[in-house]
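Just below is one structure, and these are the notes that go with it.
The values are calculated or read from the model by the stated rules, or taken from the named source; none is laboratory data. This structure is a prediction, so every number in the text was calculated from the model and none was measured. Don't worry about glycine lacking a Cβ; one is built from the backbone with ideal geometry, like all the others, and counts go over all protein chains shown.
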Amino acid sequence: MIKYSINDLERLTGIKAHTLRIWEKRYDIVEPERTCTNIRFYTDCHLKHLLNVSILNKHGYKISEIARLNEKEITDRVMNLSMNPSDYETQMESLVVAMIELDEIKFEKILGSAILNLGFEETLVEIIFPFFHKIGFLWQTGSIVPAQEHFISNLIRQKLIVAIDGIPLTSAPQQKTFILYLHERELHEIGLLTFYYLLKKRKHKVIYLGQSVPFDDLVTISAIHQPYGLLTSFTSGISREDLEGYLTKLDDHFPGIRHFVSGLQLSHPEILPASFFHIRNIADFRQELDQLSA
Amino acid sequence: MGENGTYSINDLERLTGIKAHTLRIWEKRYGLCDPRRSNGNIRRYTDDHLRYMLSVSILKKRGFKISEIAGLNQEELNDKLSVQVTRNQADHRVEEMILAMISLDEISFRDILGAALVEFGLEETFTRIIQPFFDRIAVMWLAGSINPAQEHFVSNIIRQKLIVAINNTSPEKIENKKTFLLFLPDQEQHELGLLLYTYIIKKAGHRIIYLGQSTPFECVQNVMESQKADIMVSAITNPITEETLQDYLSRLITSFPATPLLLGGYQVWHKEMQWLEKQSLIYKLNGTADLQSLLGRLDEVIISS
């Protein structure tokens, strides 16, 4: 069983620990279990319930009102809210619930309706990418377990790959060639796939090498295919030293090729060589691509 | 690798399947293949030599005598080979895929794969084309004649096709729906086999919890506790000693003594492990046919555990 502390719950639901204690006391909104030393802990069931409560609360339901609803009434209301295409926040939170329940059908439902309403690219920009960012954060704080992260990453990967596959390849002259890769100890592909989608949609040629690519191979392949840009992302923990070393190597080995870099690990962008393009967010990247095509 | 790459006689043995001893005899007796010599007078073969000997090996398997083959010029050799090719469409596809891979030609690679999928369907394409293709590139990789990035490139395209198939499959409506938990052990990243299993299981109408690559043991534990999966499915491709494999599997079956484990992957196919054969909870998946047959008698599989 997965146990959550009251602080985990605060991070996951956005409800302050203080408020949680009050709700618990005043409305019996949840009844956490206690460790032998009398410390509150919460289970998946509690977490799901509180995520839903938090969504309703943010939408103007009074807590006294929510306390009177049964579980089914609560989930029905949340499901209705999460179908509102312009309410990104709620859709993201519902995805968190789907993740915790390992519920693929719920995931499909929420994302499916978002894609229908917004189109894939906007869903990617407004919901999937921020959602993933949130997960990265929750994972770092230990608030979700790796199993949930694996589960949801694989589903998101699936949706991204299906979207990429859906863009026809043409042999017509393409814009520019990009090689997409991750360094040898990097497995987190969601960012890279997102950029793949955006590039392919704008008719650029993408050579997708994906996870853990040895540096020497990258050199060989770049020499043969002379790409316009090399694009990568740093998500897994890497020491600042190693990261700097790797970036310097990149700067040295690919004369005339532009580097695009992104990822959580670039929290000190000052270490980036001046010529590198730092993708801080999708908007950045889209703007840059617009300029390239202009 | 490439033009300047030279192969030793042992590389050639691995790549062509012709014994080094035989190669030396053919060289002496028929002048077949004339390798260069290194300073230390050791035979070195070029890419051209390799291609030639691969052709020789194919014709030899088709029953040509070596004296006959030695008398053919390049054109005659190609003619004889193309007969071989039309006889075996699947082999032909494998060759074409290797060419597309080496030039990182995505459009050709997709065309070939797409045509195969139409002709054979997903499962047959795997057993008849993709599996032999990976066997071939494994050998080429050993000999240093391709680089891992080229393998990454094609694996990603194949993965894409599999994931699209998984996404688009419409599960059969069945009454006896089970929950399958699919994962690879920590540090294991070869996912294509597991994705193929996912496709087959999902299509048969069951619920899938897919955790994928490099799943820590604790993750499996978490899910087993909260979701009560009926069956676990995994695959092992990375080199692993029998001891480590046995430790890992023992840990799984002692932790979840009521849950059968279906196990595939290169390491499982190629190991003769008596211990493994004796485990009543572990079912070896030697191919997709094994999986299909297990899905057909799930009640028996689950009860017997």
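Annotations
- Qualifying residue in region A:213-220 (condition: under 23 Å from A:ARG286 (Cβ atoms), at the interface with another protein chain (Cβ under 9 Å from one of its Cβ atoms) and not aliphatic (A, V, I, L, M)): no
- Here the condition is being of a type in the set (Ser, Thr, Tyr) and within 21 Å of A:PHE129 (Cα to Cα); of A:SER64, A:SER82, A:SER5, A:SER54, it holds for A:SER82 alone.
- Selection within region B:98-116 - surrounded by fewer than 17 Cβ atoms within 10 Å (Cβ to Cβ) and closer than 17 Å to B:TYR199 by Cβ: B:GLY114
- Counting only strands (runs of 3 or more DSSP E) that fall entirely inside region B:126-244 and contain at least 2 residues that are within 8 Å of chain A (Cβ to nearest Cβ) and modelled with pLDDT of 90 or more, the qualifying elements are B:207-215.
- Residue satisfying all of: in region A:256-277; among the polar types (S, T, N, Q) and surrounded by fewer than 16 Cβ atoms within 10 Å (Cβ to Cβ); modelled with the highest pLDDT among these: A:SER275
- Region B:260-288, subset of a type in the set (S, T, N, Q) and crowded, with 19+ Cβ neighbours inside 10 Å, residue farthest from B:MET232 (Cα to Cα): B:GLN267
- Subset tally (residues that are of a type in the set (Val, Ile, Thr) and either under 17 Å from B:HIS206 (Cβ atoms) or not assigned by TED's automatic domain parsing to the domain that holds B:ASP247 (or both)) for region B:264-305: 4
- Among the conditions (1) surrounded by fewer than 19 Cβ atoms within 10 Å (Cβ to Cβ); (2) facing chain B (nearest Cβ under 10 Å), A:ARG240 misses just one, which is (2).
- Per the listing A:LYS134, A:LYS159, A:LYS200, the residue uniquely of a type in the set (D, E, K, R), within 8 Å of another protein chain (Cβ to nearest Cβ) and either surrounded by 21 or more Cβ atoms within 10 Å (Cβ to Cβ) or assigned to a helix (DSSP H, G or I) (or both) is A:LYS159.
- Of the criteria (1) over 21 Å from B:ARG128 (Cα atoms); (2) hydroxyl-bearing (Ser, Thr, Tyr); (3) touching a residue at least 40 places away in the same chain (Cβ under 8 Å), which one B:THR288 fails: (1)
- Output for region B:245-268, where each listed residue is at pLDDT below 95 and in contact with a Lys or Arg (Cβ under 8 Å, 6 or more places away or on another chain): B:LEU245, B:GLY264, B:VAL268
- Any hit, region A:105-113, residues being assigned to a helix (DSSP H, G or I), free of Cβ contacts under 8 Å to residues at least 40 places away in the same chain and β-branched (Val, Ile, Thr): yes
- First in region A:139-161 and under 13 Å from B:ILE209 (Cβ atoms), second anywhere and among the acidic types (Asp, Glu) and assigned to a helix (DSSP H, G or I), Cβ under 9 Å, 6 or more apart: A:ALA147/B:GLU218; A:PHE151/A:GLU104; A:LEU155/A:GLU104; A:LEU155/A:GLU108
- Matching option when the condition is at pLDDT 75 or above, closer than 26 Å to A:PRO168 by Cβ and of a type outside the set (Asp, Glu), among B:PHE64, B:PHE109: B:PHE109
- Matching residues in region B:282-305 - criterion: being outside any helix (DSSP H, G or I) and more than 25 Å from the chain's Cα centre (by Cα): B:ARG297, B:SER305
Quick grid of which residues meet (1) within 30 Å of A:GLN226 (Cα to Cα); (2) surrounded by fewer than 17 Cβ atoms within 10 Å (Cβ to Cβ):
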residue: A:ASP76; (1), (2): no, yes
residue: A:LYS106; (1), (2): no, no
residue: A:ILE110; (1), (2): no, no
residue: A:LEU116; (1), (2): no, yes
residue: A:GLU121; (1), (2): yes, yes
residue: A:LEU124; (1), (2): yes, no
residue: A:SER143; (1), (2): no, no
residue: A:ALA163; (1), (2): yes, no
residue: A:ILE167; (1), (2): yes, yes
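- Flag for A:LEU124 being closer than 24 Å to B:ALA165 by Cα, in a helix (DSSP H, G or I) and either under 11 Å from the mean Cα position of the chain (by Cα) or outside the structural domain of A:LYS106 (by TED's automatic domain parsing) (or both): yes
- Some residue of region A:150-166 being modelled with pLDDT of 90 or more, assigned by TED's automatic domain parsing to the domain that holds A:SER236 and of a type in the set (Lys, Arg): no
- From the options A:SER64, A:SER94, residue that is polar (S, T, N, Q) and either touching a Gly at 6+ places or on another chain (Cβ under 9 Å) or outside the structural domain of A:PHE131 (by TED's automatic domain parsing) (or both): A:SER64
- Qualifying residue in region A:162-171 (condition: within 26 Å of B:PHE180 (Cβ to Cβ) and away from chain B (no Cβ under 11 Å)): no
- Within region B:258-282, the set of residues being of a type in the set (Phe, Trp, Tyr) and closer than 19 Å to B:LEU195 by Cβ comprises B:TYR266, B:TRP269.
- Just one residue in the set B:LEU276, B:LEU263 is assigned to a helix (DSSP H, G or I) and touching a residue at least 12 places away in the same chain (Cβ under 8 Å); that residue is B:LEU276.
- Failed item, numbered, when A:GLN175 is tested on (1) under 30 Å from A:SER212 (Cβ atoms); (2) part of a loop (DSSP other than H, G, I, E, B); (3) within 14 Å of chain B (Cβ to nearest Cβ): (3)
- Restricting the first member to region A:209-220 and to residues that are in a helix (DSSP H, G or I), and the second to residues that are basic (Lys, Arg), the beta-carbon pairs closer than 9 Å and six or more apart or on different chains are A:PHE215/A:LYS249.
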